[in-house]
Structure formats: C-alpha cells, structure tokens
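Structure, as structure tokens:
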Amino acid sequence: MSRAQAQTSEQPLAGVAEQTPGDAGAATSAATDSQHPQVHIEDEAPERTRDFADLMHAILALIIGFAVVLMALYLRGFTTGVESDARTAGQALGWLMDMPTTMLQQLATFGIILSVLIHMLVNREWLQSSIAVIALFAGYIAVRLLSLALSGFGGLAMVTAFNSAGVSSGTGLLPDIYAGIAAFLTVAGPRRTRSSVKWGWNILYAVAVVLVVVSWHSVSGILVSFSIGRLIGMLLRFAVGTQNKGEWGEQIVQSLRSIGLNVTTLARRQERNDNMGGVLQASLDDDLIENSRIYDAQDESGAHYIVSVLDAQTHTAGYLNQLWQWLRLTGVSMRRDRSAIDANHHHLAMILGLGHLGLRTPVAYGVADSEESSLLVFNAESIAVPCDLSTLGDEDVASLMRYLHTANMRGYTHRRITPESIARMDDGQPVIAGWHNGDCASSNANSALDKVQLLNLFAAVIGVKRTIAVARRIWGEETLTRLAPFVQKVAVPYATRSLPGWHKQLLSDLRSSLDALVPKDAGEYMGNATLSRFSVRSFMAIVLAIVAVAVIFTQLQPDEVIAAVTKAKFRLAALCFAFSMVAWMGAALSLGAFMDKDKRHYFALFCSQAASGFTAVSMPAGVGPAFVNLQHLRKSGYRNTAATAIMSATWLIQAITTVILLLGIGMFTGRNTLSGTIPTNTLIVVIGALGLLISIAMAIPPLRRVITTKYLPIVKAYALQLIDVMSQPAKMSGGVLGSLILNISTGLGFWSAMLAFGYHVNPVETIFIFLLANTLGSAIPTPGGLGAVEAALTFAFTSVGVPAAVALSSTLLYRVCFYWLRIPLGALAMKWLDRNNLI
C-alpha cells in the first residue's frame with residue numbers, strides 16, 4: 001500500500017476531515033506554533049467571486065414573475081381566493097385593521113436599510129454597500145416602469161388583476177416597497193453571511209403578510225414586486241460578485257494539518273491562460289476538477305503534493321453543467337453534486353474504487369472540508385500529463401479500450417469522455433482521467449454511452465476503420481452491435497465534436513460500420529435508443545399537444561355541438577361511436593395484414609390507429625395516420641425501406657378500396673355524382689402540370705444526375721419492396737378486408753348519425769355520398785379536415801334532398817364521435833405506445 005493510501009485509510013471517513021469557521025480563525029497562530037515549522041505561503045485571496053447560482057436565481061425570479069402576471073390575468077379567481085383566505089384568517093387579529101399602513105411601510109423600510117448599511121459599513125465593505133443602495137433605487141425604478149407598462153398595454157383587465165386599496169393605475173399599479181428592499185437585501189446578502197440581512201428578509205415577509213390581510217396590497221402584486229427586486233438584485237450581485245468565503249493561505253495549511261499533512265511550503269499555481277474564455281476550467285494536475293484552485297505543497301519530509309481547493313461559489317458552474325446534462329439526456333443516469341463537499345467526496349471514492357480494480361489513477365492522500373471549501377490532496381508523483389492525440393497508435397487505443405472495459409465490467413462509468421480525458425502516466429502508459437462526473441453501480445446504458453463516446457473520439461483521431469478494427473479485437477463484435485442504437489450526436493460531447501477530424505458524416509459512418517457487424521439472419525432492426533430529452537419526437541409531442549389544445553378551444557363550437565348531441569337519440573348516437581371503434585379495428589387489420597406474424601401485436605395495432613386520432617388534430621387528414629403507422633413499424637423492427645413499403649401498401653389498398661366502392665355503388669345505384677364533382681378539365685390540367693415538371697427536371701443535366709444517382713435508387717428499392725408486399729395474396733386479402741371494414745363502418749357511422757335525428761335513408765346511398773364528400777373534404781390541408789369536411793358533408797347531403805338542419809346536426813354528431821372524442825382516446829393510446837417503446 002502506498003504512503004498516500006495508507007494515510008487515507010488512517011483517517012475517519014477515508015481521510016475526510018471537517019473544519020469549522022472557528023478552526024480557520026486559529027490557523028494563523030497554529031502556523032507559527034512551536035510544534036510546527038514556519039510555513040512559506042504564496043497565495044492571495046480575491047475580494048469577490050462571481051457565483052453562477054445568482055444568475056440561475058435571476059432567471060427563476062423572471063419566470064416566477066411572468067407566471068404570476070399570467071395567473072393574475074387569467075386565473076383571477078385563484079388569486080382572489082388566496083387573498084380572501086388570508087383576510088379570513090386575519091380576522092382574529094382585528095387590531096391590524098386599525099394599523100396605519102403607510103407608517104408600517106416607512107418604519108420597515110427605514111429599519112431594514114439602516115441596520116444592514118450599518119452592518120456593512122462597520123465591516124468596511126464600501127463597494128457592497130454602494131451597490132446595495134444602487135440596487136435599492138434600481139428596484140424602485142424597475143417596478144414603476146413595469147407598472148406603467150402593465151397599465152398602458154394591459155388595459156382594464158390588467159389593472160383590475162393587480163388592483164388593491166394601496167395601489168393606483170399607472171406607475172403605482174405594483175407596490176414598490178418589495179422590489180426596492182428585495183433588490184437591496186439581495187445585493188447585501190447572501191443571508192447566511194449577515195444576521196442583519198436575514199432579519200431584514202423576515203421583517204419584509206411579515207409586512208407583506210400584514211398588508212395582504214388588511215387588503216392594502218394584493219398577493220399577485222406583492223409576488224411580482226418581489227420577483228422584480230430579486231431579478232435586479234441577482235443580476236447586480238452576479239455582475240459585481242460576492243465576497244469570497246473560501247479557504248485561502250493559512251486556512252488551507254490548517255486544514256491540511258487536520259488530515260496529518262504538515263506542509264512547509266504552499267504555493268498557488270497561476271491560472272491557465274488557454275481556457276480563460278470558458279466557464280468551466282479544468283487541469284489534469286488535479287484530475288480535471290472543474291473551477292478548482294491548485295496549490296503545490298511540500299511537507300517536512302520533502303514529499304510533494306498537489307492540493308486542489310474547490311469553493312462552493314465556483315462549484316455552482318459545474319453543478320449547473322451537471323444539471324444541464326441531466327435535463328438534456330434521458331434513459332441514462334447523470335450525477336448532480338450540489339455542493340463542493342459532495343463532489344470531492346465522490347471523486348475520492350471513484351479514485352479509490354478504480355485503484356482497487358488495478359487501474360492506474362492519481363494517488364489520493366485525503367480530503368478535508370470547511371463550510372465553503374473542500375480540499376482534495378494528491379501525491380504529486382502520481383499525476384498524469386496531457387496526451388497528444390496525434391501520437392496515439394493502435395496499441396494505445398487498445399490499452400484505453402481495455403481500461404474502460406475493466407471499469408465498465410465492475411459498474412464504473414465515466415459519463416463524459418472528452419479529448420482532455422485522455423492522458424498518459426509518467427511512463428507513457430495511456431489512461432482515462434477525470435472520473436468525478438461518473439459513478440459506480442451503473443446501468444448498461446451508461447456503459448454503452450461511455451464506449452460510444454470513446455469510439456467517436458478515436459474515430460475522429462485515427463479514423464473509423466482503424467477504430468472499429470481495434471474495438472472488435474478488444475470488446476468483441478457482440479458488444480459493438482449493442483452499441484449501435486447509442487451512436488447519436490447527443491451522446492458525443494462538444495469537445496469531441498470540435499476535434500479537427502470530426503465531421504458530420506462521421507456518426508453515420510460509425511453507425512454503418514456497427515450495423516454491418518449485425519448477422520444477416522438477425523432480421524430485426526435496431527432503432528436509436530432514446531437519449532435526448534429534447535428530441536424531434538418530444539418536440540413533436542409538445543407541438544401536437546399545444547395545437548390540440550388550440551384547436552379544441554378555437555374551432556370547437558360548444559353551443560352547436562351540445563345542441564346537436566342533446567337532440568339526438570342516445571342509442572343511435574352510441575351506435576355511431578361504436579362504428580368509430582370498428583373503423584379503428586378495420587384500419588388495424590389492414591395494417592397488420594402486411595406485417596409478419598412475429599411482429600404483429602393486435603392491441604398495439606389498435607392503439608396505433610387510435611393514436612392517429614390524436615395526431616389528426618394537428619395534421620391534415622391522412623397524414624397523421626401515415627406518420628403514426630410509419631413510426632410504429634420502425635419500432636416493431638422494420639427498416640426504413642420496408643416500413644415505408646408496408647405503410648404505402650396499406651394506404652394504397654385503402655385508396656383503391658375507396659375508389660372501387662364509389663364506382664361500384666355508383667353503377668348499381670345510378671348516381672353520377674362522382675363524375676360531376678371532379679371536372680375532367682381539372683384532371684387534365686393536373687396531369688399535364690406533373691408531366692411538364694418531370695420533363696423539365698430530366699432535361700437539366702445536373703438535376704437529372706442528382707435524380708438518377710441519389711433518388712432513383714431509393715425509389716427503385718422502395719418500389720421493389722412495395723411490389724413484394726402487394727404480390728402476396730394472403731396479405732392482400734387481409735388488407736382489402738380491413739379497408740372494407742374501415743370504409744363501410746365509417747359510412748354507416750354517418751348513417752346512424754342521421755337515424756339519431758329521425759331521418760331514415762338508404763344506407764348504401766349514404767355510404768356512397770359520405771365517402772365521396774368525406775374524401776373531397778379531407779383533401780383540404782387543415783388539421784383533420786376541420787371545416788372542410790363539415791362543409792363538404794353538409795353540402796353533399798343537402799344537395800340530395802336531406803333537410804339542411806338534419807344534415808348539419810348529423811355532421812356535428814358524426815364529428816363528435818369520429819373526431820373530437822377520439823382526441824383524448826388517441827392521447828392515451830399514444831402514451832401507452834410511447835411507454836412500451838412502440839412509437
């Protein structure tokens with residue numbers, strides 16, 4: 001066991017010691033104590049430090065203020081109820097009603113400002129006291145400007161939302177006391193550093209409660225004013241910085257003695273100049289700890305150490321980066337070390353764990369903590385040095401892959417492998433450094449993410465072919481094939497994508513190389529694993545939800561729909577809805593007929609058709625079902641070409657079936673509506689225009705070359721797949737049967753809607769007219785054919801003699817059963833499919 005490891009094991013909690021603020025004050029006298037030699041210290045503490053937590057709190061204050069304005073404007077009943085409850089509770093304190101509110105505000109303002117200013121001036125904090133006063137005035141000015149803007153642009157509704165006895169329209173719409181004093185206290189803080197600031201906040205909160213109870217200020221006005229004050233204060237505090245409370249100089253010496261390290265020299269290293277522009281700075285000298293201070297130390301025996309000091313204020317930037325990774329990625333675990341102490345303790349545990357596996361890591365001596373800083377001490381002789389990536393050979397790459405594989409096999413994952421993570425020990429052996437963002441007991445997904453990050457890094461340095469060749473030798477083909485779903489841009493750190501050898505095609509080349517390792521008889525297509533929380537899919541889900549809500553609230557006419565539904569016969573209206581469910585079954589049967597038996601799950605097929613009812617609210621008719629079917633086929637194991645062919649075959653069979661039904665019914669009933677609806681001249685114009693476009697495109701050599709070399713092979717492959725699907729009689733018969741059920745049940749749904757209003761009509765003719773009118777209305781590119789379908793159905797049935805009132809009421813009832821009620825059912829179905837990874 002090395003000296004550093006032995007020292008670590010002798011200390012409580014693996015060499016962890018905690019120092020109280022009182023200990024720091026005793027550091028000066030201890031350094032000159034007769035038991036310890038004089039310490040030579042080269043260090044100078046800065047007066048102020050920017051804390052990114054202030055910026056985060058400013059953004060949070062802005063969001064809260066904006067949300068309160070919206071609630072006050074659109075949820076007036078909620079805010080009024082809160083105020084009413086507060087006043088009811090305050091009735092027990094009747095003497096408050098007689099309190100002069102203006103005097104209360106003046107006394108609170110005077111007392112808070114005077115006590116805090118005296119506290120800061122006594123401590124000779126001239127700059128902070130000046131900025132605090134500036135923040136006070138800025139808070140008053142900002143809240144008055146916002147009041148003027150809300151009064152001018154919000155109109156009477158906005159004034160009413162914030163109205164109370166103590167405010168007036170214009171610059172006085174929002175109470176200014178909270179904005180001014182909140183900005184003042186925020187800059188004078190944080191509250192944990194001064195008792196006067198802490199009591200100032202308590203007094204301000206108490207005043208706010210009292211003034212709400214006596215109806216002098218509204219709850220919404222107080223919250224917006226507080227938010228403005230916090231926003232102004234946090235922005236000023238971040239710009240100027242807060243007083244540094246971390247350990248420096250003699251305090252560091254005292255902390256080192258608490259873990260048995262008596263240093264004779266302590267010298268701080270200068271900040272690196274090559275990364276000064278970044279928010280996060282790291283060095284291999286302390287194993288890539290972000291935003292730390294690095295010191296060189298020597299003890300009485302002449303041994304050299306590296307002391308890494310991580311302050312709570314500077315650690316915030318690293319914590320925010322961890323939070324962003326946690327929010328950005330889904331399906332994999334990400335660490336979130338909220339404090340500097342948690343970060344260094346975890347880092348020490350990772351180093352000791354990897355060393356126990358026989359992997360070479362920096363030798364950690366121990367860790368010591370104080371209230372605002374955490375110290376991690378390394379043996380200086382064990383530190384790795386940066387690796388020139390251009391010097392990496394195949395054996396170096398193989399060694400690094402073995403290193404990662406050994407860690408992953410025991411549950412240790414890195415989770416952020418970047419070019420800076422590749423290092424060499426003093427004898428030239430390559431290692432992976434900086435495991436502080438990783439963890440133990442990791443999932444297979446995290447292990448796969450590590451390997452993908454390392455593969456992408458090596459692919460950018462030595463090329464895809466060499467990387468895959470080495471990986472096949474070290475990890476094996478079975479492991480590599482399991483990595484293919486994780487080869488995505490979101491999995492690759494920005495630093496790797498910034499390498500000179502990185503290009504957009506590299507990910508595709510790497511994925512293709514991994515896909516080529518899959519056995520030909522495997523059959524099943526491995527789609528992408530869900531890694532990005534903010535993917536196109538999640539964006540589409542949000543857009544669909546927003547559009548659905550907008551459509552429901554803007555297009556749905558409750559009065560007309562309710563009147564139509566209430567006048568309908570309940571049993572026949574229920575029959576109309578039942579036909580809607582049967583139509584879904586027919587669509588599911590039509591799609592499932594072209595799928596392989598082992599990939600055909602009937603409930604999932606039904607849910608996929610139900611989910612199309614949700615997408616129809618934001619996509620044109622026919623586009624939503626095609627989109628859902630294609631996604632479901634891909635998740636069921638079909639490659640893109642096969643999935644597109646099956647989806648197209650399903651759509652083609654449904655279209656042909658609809659045309660045959662129209663022609664067949666038209667011939668037997670004697671209706672000539674079809675020929676009279678679509679003018680022959682229109683068809684000729686459309687066909688001629690398409691032919692002209694194709695001719696012009698093929699006449700231009702560069703465009704013809706692109707079409708023939710890039711797009712024609714895709715079309716041929718798709719056509720072959722489509723022909724293969726359509727040439728199987730068993731599948732064709734199933735598809736035709738499903739399409740017939742879909743078309744007939746949809747037409748009978750409208751027929752039952754007409755029966756619900758007491759109008760009896762021939763069901764066959766109803767199906768004919770309905771299919772024709774519905775097809776033409778759905779051709780209009782509105783969400784679900786909204787407006788166009790209603791107009792086409794009403795006009796079509798009115799023109800054949802159905803009373804206008806019956807035609808309109810039947811259309812509304814039909815749309816309720818086949819459109820509006822399908823939206824919530826489709827949302828539930830889509831949720832189930834997403835949860836089971838089927839869409």
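The values are calculated or read from the model by the stated rules, or taken from the named source; none is laboratory data. All figures in this text were calculated on a predicted structure; none of them were measured in a lab. Reconstructed Cβ throughout: ideal geometry from the backbone, glycine too, with neighbour counts over all protein chains shown. Accessible surface is based on the protein model in full, side chains and every heavy atom, while ligands, DNA and RNA are left aside. Shrake-Rupley method; radii C 1.70, N 1.55, O 1.52, S 1.80 Å.
Observations
- Label sites at VAL706 and ASP388, each approximated as a point 7 angstrom past Cα along Cα to Cβ, lie 4.4 nm apart.
- Summarising the amide proton neighbourhood of ARG424: residues at separation of 5 or more, or on other chains, whose placed amide H is nearer than 5 Å comprise VAL385, CYS387, VAL431.
- Order by protection proxy (mean Cβ within 10 Å, highest first), peptides 818-824, 203-209: 818-824, 203-209
- Here the peptides 657-664, 281-288 are ranked by packing, the mean other Cβ count within 10 Å, and the order with the highest first is 281-288, 657-664.
- Overall form of the range 96-219 per C-alpha gyration tensor (a/c, 1.5; a/b vs b/c): oblate
- Restricting the range 167-230 to trypsin sites (Lys or Arg not before Pro) that sit in a DSSP loop and have at most 11 other Cβ atoms within 10 Å of their own Cβ leaves nothing.
- Under the convention that each Lys and Arg Cβ holds +1 and each Asp and Glu Cβ holds -1, the size of the dipole of the range 156-262 around its Cα centre is about 260 debye.
- Amide H partners (placed H, <5 Å) of ARG50, local residues excluded: THR242
- Per-residue 3J(HN,Hα) values for the range 382-394, derived from phi via the Karplus relation 6.51 cos²θ - 1.76 cosθ + 1.60 with θ = phi - 60°, read 9, 7, 7, 10, x, 10, 6, 4, 5, 8, 6, x, 4 Hz in sequence order (x marks Gly and Pro).
- Global form of the range 457-499, assessed from the alpha-carbon gyration tensor, a/c cut-off 1.5: oblate
- Applying the Karplus relation 6.51 cos²θ - 1.76 cosθ + 1.60 with θ = phi - 60° to the range 801-810 yields 3J(HN,Hα) values of x, 6, x, 4, 4, 5, 4, 5, 5, 5 Hz, where x marks Gly and Pro.
- Heavy-atom accessible area order for TYR319, TYR602, largest first, 1.4 Å probe: TYR602, TYR319
- Counting only protein chain heavy atoms and rolling a 1.4 Å probe, the accessible areas of LYS489, LYS597 rank, largest first, as LYS597, LYS489.
- Gyration tensor verdict on the range 273-417 (Cα atoms; rounded if a/c is under 1.5, prolate if a/b is larger than b/c, oblate otherwise): rounded
- Among 333-345, 304-316, 503-515, sorting by the average number of other beta carbon atoms lying within 10 angstrom of each residue, highest first, gives 304-316, 333-345, 503-515.
- In Hz, Karplus ³J(HN,Hα) per residue of the range 415-432 (6.51, -1.76, 1.60; θ = phi - 60°; x = Gly, Pro): 6, 7, 7, 10, x, 5, 6, 7, 9, 10, 7, 5, 8, x, 5, x, 9, 9
- Extending 7 Å from the Cα toward the beta-carbon at both SER799 and ALA303 defines two label points whose distance is 9.6 nm.
- Full-extension gain in nm, MET71 to ALA267, via 0.36 nm per residue minus C-alpha separation: 65.0 nm
- Fully extended contour minus Cα-Cα distance, from LEU821 to ARG600, at 0.36 nm per residue: 76.9 nm
- In a fully extended conformation the segment linking GLU381 and TRP324 would gain 17.0 nm over its present Cα-Cα distance, using 0.36 nm per residue.
- Between the beta carbons of THR49 and ASN202, assuming R0 = 25 Å, the FRET efficiency works out to 0.40 to the nearest 0.05.
- What the Cβ-Cβ distance of VAL518 and ALA578 gives, at R0 = 45 Å and to the nearest 0.05, is a FRET efficiency of 0.50.
- Modelled FRET efficiency - R0 41 Å, ALA165 with LEU62, Cβ distances, 0.05 increments: 0.90
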